[in-house]
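Heads up, the thing below is written out as structure tokens.
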Amino acid sequence: MTALGILYPGHFAKDDYPRIEQLLGSDIRVDLIETGADADPYPYPATADRTDRLERSVEALRLSGAEAVVWADGDGGFGRGWEGAHAQVRALARAAGMPASSTSFGFVHAVREVGVGRVAVAAPYADETTALFTDFLRAGGLEVAAAHSARGATADEVARWGERELLELARAADTADAQALLVPGTALHTASHIAALEDGLGKPVLTANQVTVWEALRLTDRRVNAPGLGALFTREPIVQV
């Protein structure tokens, strides 16, 4: 049994994680620890520093037997810039006593895993927050062909989106020269819709909660074939960083 630790802000789409655990269909356990969040973090101050909150949450993960931990909050990672996000992850690893990463770095690693370098971004954020995410991707060596923001949507609103709304967001962002589509935002329920998104666009689709679990698996050197979770979970070999 491999236990993965996920630090998750709030509650908006936390039920994606047991769904992902089910779709993995293997000896993988996904342990979710809620770190607490502002009442509605969309739009949030993308440069907010939540390192102290994370460090207070890791004791529960140690007690659960987690082998790696991923901070499932985009703004707390990419909003601090490439170097700031690295510093946050290092602090989290020291506090947890285990390998650590964040969803933001997970996106960069996952894009490399599916073998592409040029992406489009479909974000449930305000324009300025989406720009910070694309800046982070470029700092990671990726080319961003296009980006689209949902702008005025709140976390509560996007948490209620279904397949139709996700497809609309994805199609608004997608371009013919983008080799994959990225959908950041851990408040979005995407675990049950990845296959439909990939079928609709004809290319790999990487979503925040999917990427978060994959990044935790990467940290533990585990490889799980789970076609229901999209192209990311059917590629070989796993990225080594």
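What to note about this one:
- Residue selection: ARG151 fails the criterion of being crowded, with 20+ Cβ neighbours inside 10 Å and either without any contact (Cβ under 8 Å) to a residue 24 or more places away in the chain or of a type in the set (Lys, Arg) (or both).
- Failed condition for THR175, given (1) over 18 Å from PRO124 (Cα atoms); (2) out of contact with any Phe, Trp or Tyr (no Cβ under 9 Å at 6 or more places or on another chain); (3) surrounded by fewer than 22 Cβ atoms within 10 Å (Cβ to Cβ): (1)
- When region 172-205 is filtered for residues that are among the hydrophobic types (A, V, I, L, M, F, W, C) and within 15 Å of LEU23 (Cβ to Cβ), the ones remaining, listed by number, are ALA191, ILE194, ALA195, ALA196, LEU197, VAL205.
- Positions within region 103-116 being surrounded by fewer than 24 Cβ atoms within 10 Å (Cβ to Cβ), touching a helix residue (DSSP H, G or I) at 6+ places or on another chain (Cβ under 7 Å) and not β-branched (Val, Ile, Thr), in sequence order: HIS109, GLU113
- Selected residue (only one of LEU232, LEU201 is hydrophobic (A, V, I, L, M, F, W, C), touching a Phe, Trp or Tyr at 6+ places or on another chain (Cβ under 6 Å), touching a residue at least 24 places away in the same chain (Cβ under 8 Å) and over 21 Å from ASP127 (Cβ atoms)): LEU232
- Listed here are the helices (runs of 4 or more DSSP H) enclosed by region 141-235 that have at least 3 residues being farther than 30 Å from GLY97 by Cβ, among the small types (Gly, Ala, Ser) and in contact with a strand residue (DSSP E or B) (Cβ under 8 Å, 6 or more places away or on another chain): 163-173.
- Of all residues in region 1-31 being surrounded by fewer than 19 Cβ atoms within 10 Å (Cβ to Cβ) and under 23 Å from TRP161 (Cα atoms), the one that is modelled with the lowest pLDDT: HIS11
- Region 86-138, residues that are in contact with a Ser or Thr (Cβ under 7 Å, 6 or more places away or on another chain) and assigned to a helix (DSSP H, G or I): GLN88, VAL89, ALA91, THR103, GLY106, ASP127, THR130, PHE136
- Test for VAL158: is it surrounded by 17 or more Cβ atoms within 10 Å (Cβ to Cβ), within 27 Å of LEU23 (Cα to Cα) and modelled with pLDDT of 95 or more: no
- Any hit, region 90-99, residues being surrounded by fewer than 21 Cβ atoms within 10 Å (Cβ to Cβ) and in contact (Cβ under 8 Å) with a residue 60 or more places away in the chain: yes
The values are calculated or read from the model by the stated rules, or taken from the named source; none is laboratory data. Nothing here was measured: the structure is a model prediction, and the numbers come from that model. Don't worry about glycine lacking a Cβ; one is built from the backbone with ideal geometry, like all the others, and counts go over all protein chains shown.
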